[in-house]
Amino acid sequence: MKYTILRIIPLLFLLNFNLSAQTRTPIKSSDELMPNSIFSQVPDEIRNSKPYLRYRWFYEQRAFPNDYIPEDAYKNSLEQRDALRSDMQIKGIPSFNWVSKGPTPGFYSSYGNISSRIVTGAYHTENPNIIYIGPANGGVWKSTDAGTTWIPKTDNESSLAMGAIAIDPINPEIIYAGTGEATYSVASYYGRGLLKSTNGGGTWVNITAGLPSSTYFSRLKIRPNNSTQLLAALGTSGLYRSTNSGLNWTQILSGRVDDVVFSPTGDTAFAVGSGIGIMRSVNGGAAFSTYGATGLSVGSRTHFDLAKSNSSIMWAAVYLSSAVTVFKSTNYGVNWNTITMPTGFSDQAGQAWYDLYCVINPENANKVYIGTIDVYSTSDGNTFTNITNGYSGGGVHVDQHYLFFHPTIENTIISCNDGGIWRSTNNGTSFTNLNQSLTLTQFYRIAASPFLPSRILGGTQDNGTQKTDSTLNWAAAYGGDGGEVCFNPLNSNYILGETQNNGIFRTTNGGVSWSSATSGLSTTENRAWVAPIIHHPTISGTFYTARERVYKSTNNAGVWTAISNNLNGTSAIRELAQSKTNPNIMFATSGSQVFKSTDEGINWTNVSAGLPGRTITSVYVHPSDANQVFLTFSGFGTSKVYKSINGGTAWASIQGNLPDTPVNDLLIFTDNNGYPNTYFAATDVGVFVTENNGTNWFEITTGLPNTVIMHLDYSPLNKMLRAGTHGRGVYEAFVDFNLPVELTSFTALIEGLYNGTEMVSDTVTVELRNTSVPYSLIDQTKIFLNNNGQGTGKFYNAENGTPYYIVLKHRNALETWSSTGQLFTNNALAYDFTTANNKAYGNNLVLKNSKWCIYSGDVNQDAVISAADLNLIFIDNIFGVTGYIPTDLNGDVFTEIEDINTVFVNSVFSIYSKRPPGFLSENK
């Protein structure tokens, strides 16, 4: 058997901090599944640092109990998943539709809007309004309006893990996207070769011929004056070359290669890396030979660049032993001199294994940019200045991964980092945030409020614990890497969350403010990176958490008390569960071991017999039967879902036909009448459901990108299943196993968003209501309207042959009712508000270029467009408020005079919602 070795070069990994607005102090490495494995063959300052620990947590559980992930593991799991895909209607399972819940974007402290780690990008060579970016786990995204809005282009491709993007300069419709980050982040088993598009990202072909089975793209370069030839630096896999536009590849250098550059003519190429030193080709990359490069040191990671405007000038940034040294050559790389960097630069070098680049402005050889934690630049080819200052009040997120240039404007640059993407039009004097329409957050855990199910909180990688009260744009509740979130289900004032390694915090006022809540928790015990937090099923304020021991609080985390001895030696406890029908019964997991308590967590017994030696990722007790217990596992090569029907005495696999892929979470679904053995599984390759105790699993695919699903949450109040992904935010699906009726064609144009030709796409809420007083709400759904105002939506509480009013609601438009009750026939109905004003109750529509539109301007949603709405827009205009906000009527993310004019006109005419007689709004 072949294996994908998790390559770790000891000198490579050295860092001290990562997340913005967090401490730079190294963290104790406290949750190691394999203390003596390849994961530990790094210096202590690396082993105990936050970026390394987060990656170790993610990948070690997938490799456990070995030092490797089997070769082609991800490829095989995708093939097995694809073989399962079929028409679920034939199988009797409704086709649930996933809809994005954001964060679009998230929000974090002084950085403002954030998305997630972006590692590569490129401008269209002829149309600078077109930009492509590659997030670490979010696929290729494209903007056609210079970064104001973004659209995902590879959601259903074989890998969403990005490493490098290149655009053909002769035909810029040809895009290359190398999948898999280079191995600077420990491992990237998601890399699946090269994606190529010949129509600007419309469609893609996955190319693997000649490439390693798992790819790790660091750089991808197209040869000038011969765009059929490409060079790819694939980290520890070496340097690869294609001579037929990326269709086939050949390895031309073995050993680690970090970077590769061409001369402007394309005749000369240089490659650099700790496995090869620096090498040169004089035949366009066909062959390389050792190059002297006097004065340039060899590091564990090196990035360099060659000036396009003066090819005799080269710059390099070399990382070695916690330091980054910057070099310059003025004679084609023959000789190199060390450049003195400013005070503070050395403080940012410790994690350059993770974030480092060196690029030269193609229009000006004196303008050089070195990315570490911040971006350092020079305009004179000698003196560098920190231009982002991420830890000192700057507005650009820390941890820089890439920087690229406008094709014609010298001072316009784009910075890619752990928080997303920023643009400067003045060479770094100031930056503009471009994250407003990106959905890329990497979640660990999510939880919806039991009181208000549209309120969701979730712990994220590198961007804190994010929260929303139903909007697509989220905001940080607390810093650090987020983790578990747990509501007190009996008192809405109390919510608990955590930073990495069980740094528990809480709110006592429903989320208005947050504070640390670790009193009583041992600081010497090992802790899981994402530690458990659960609440007692019936006693308000009683929470449990765990480190090496189980802890209990009876005052909403005011004080914690250890109630057990160590369960698994010095290993951390990762998961906890408590029976709702018998709270004395609890389960805890540590690594591959599971333990049971029958006295509410005081004494524990190991009940792991018969289970596989893989990392346990979740444990649950059935809410109505304490004897039914469920476990999920990470890793490969064995079953991943187990069930006990006798309280853990014996276990049986319910893996069935699930792909051989890590299973990260399980949800016991009790709302499927007649099918008590219905479960949902969150895996690395999608969400699956079974109605027959695991004999058969079916994937729920519609609308969900091909990304890792980390956690599931279900709100019975609104029947919403939520999926927390590790790279594409949160998705939700309305879950009802009864077959729905559907608005198969629904058309509505929002006045403010419609310019007379097309509409800015947006989401509306559509309700179905009875046609008699009190016009009760029967069902509702979110419908995404495209630029023609068209969309579809399903309803699960409505039926054929019964008339319903169709009610449209939008964040800043007037609530509008259909003129009469509408009937579904054969589960289908089409309705179009735009064809005549009598399509709306009371003819309540406005004509705009021959189309009837929904009135815009009801910003405060009180059913009247009035001076109150005008005042709200006026205030936001004065203060320059931007983003996806109610006062932005025309969808350009700004509140401006055009928005004011729309509201002014409608308020003058006292436009209001027209409803059937006797209707009393639930909001009144």
* From the square roots a ≥ b ≥ c of the eigenvalues of the alpha-carbon gyration tensor of segment 227-266, which class results: rounded (a/c under 1.5), prolate (a/b over b/c), or oblate? -> oblate
* Just check segment 713-788 against the gyration tensor rule for me: Cα atoms, a ≥ b ≥ c as the square roots of the eigenvalues, rounded for a/c under 1.5, and otherwise prolate or oblate depending on whether a/b exceeds b/c. => oblate
* Pull up the DSSP beta bridges for the chain and report the antiparallel fraction as a percent, rounded to 5. => 95
* To do: Kindly provide the chymotrypsin sites (Phe, Trp or Tyr not before Pro) of segment 420-526 that DSSP labels as loop, not H, G, I, E or B, and whose Cβ sees at most 16 other Cβ atoms within 10 Å.
  => PHE451
* Determine, at each q value in 0.11 (inverse angstroms), the log₁₀ of I(q)/I(0) that the Debye formula gives when each Cα of segment 819-899 is one equal point scatterer. => -0.42
* Assuming a ≥ b ≥ c are the square roots of the Cα gyration tensor eigenvalues, decide whether the chain counts as rounded (a/c under 1.5), prolate (otherwise, with a/b larger than b/c) or oblate. => oblate
* To do: Please give the solvent-accessible surface of CYS486 in Å², to the nearest 10, using a probe radius of 1.4 Å with every protein chain present.
  => 20
* Candidate lysines for bridging to LYS308, where Cα separation is under 30 Å - those fewer than 8 sequence places away on the same chain excluded -> LYS142, LYS196, LYS221, LYS328, LYS367
* To do: May I ask you to derive the relative contact order of segment 799-924, considering only C-alpha pairs under 8 Å and at least 6 residues apart, and to give it as an integer percent?
  => 23
* Asked: Taking the Cα-to-Cβ direction at THR570 and at PHE909 and moving 7 Å from each Cα, how far apart do the two end points lie in nm?
  -> 7.6
* Relative contact order of the chain: what whole-number percent is it, with Cα pairs under 8 angstrom and at least 6 residues apart? -> 9
* Please report how far the C-alpha centroid of segment 868-912 lies from that of segment 620-687, rounded to the nearest whole angstrom. => 50
* Asked: Structure shown: which of LYS782/LYS839; LYS467/LYS580; LYS75/LYS809; LYS782/LYS851; LYS719/LYS848; LYS75/LYS153 lie over 32 Å apart, alpha-carbon to alpha-carbon?
  -> LYS75/LYS809; LYS719/LYS848
* Using a simple charge model, +1 on the beta-carbon of Lys and Arg, -1 on the beta-carbon of Asp and Glu, nothing else, what dipole does the chain show about its Cα centre, in debye to the nearest 20? -> 1160
* **Value of [θ]222 nm, deg cm²/dmol, for the chain, DSSP H segments ≥ 4, -39500 (n - 2.57) each, nearest 500** => -2000 deg cm²/dmol
* Asked: Considering only the other residues whose Cβ falls under 9 Å of the Cβ of THR887, what net charge follows from Lys and Arg at +1 and Asp and Glu at -1?
  -> -4
* With every protein chain in place, the chain: carbon and sulfur % of accessible area (1.4 Å) -> 49
* Sequence neighbours fewer than 8 away in the same chain don't count; with that in mind, list the aspartates and glutamates whose C-alpha is under 17 Å from LYS101. => ASP155, ASP469, ASP713, GLU732, ASP762
* Structure fact -> Once normalised by the length of segment 135-283, the mean sequence separation of its alpha carbon contacts under 8 Å that are 6 or more apart gives a contact order in percent of 15
* Structure fact -> Mean projected area, convex hull of alpha-carbon positions in segment 83-165, reported to one decimal in nm², is 7.9
* Asked: Where the centre of each part is set by its Cα atoms, how far does segment 494-564 sit from segment 397-466, in angstrom?
  -> 29
* Solvent-accessible area per residue for the chain at a 1.4 Å probe radius, Å²? -> 34
* Asked: Once the Cα atoms of segment 657-760 are picked out, what are the Rg and Dmax in Å?
  -> 17.0, 54
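The values are calculated or read from the model by the stated rules, or taken from the named source; none is laboratory data. Quick caveat, the model's predicted, so the values are computed rather than measured. Cβ atoms come from the backbone with ideal geometry, glycine included; neighbour counts cover every protein chain shown. To get the accessible areas, we keep the full protein, side chains included, count just its heavy atoms, and leave off ligands, DNA and RNA. Shrake-Rupley method; radii C 1.70, N 1.55, O 1.52, S 1.80 Å.
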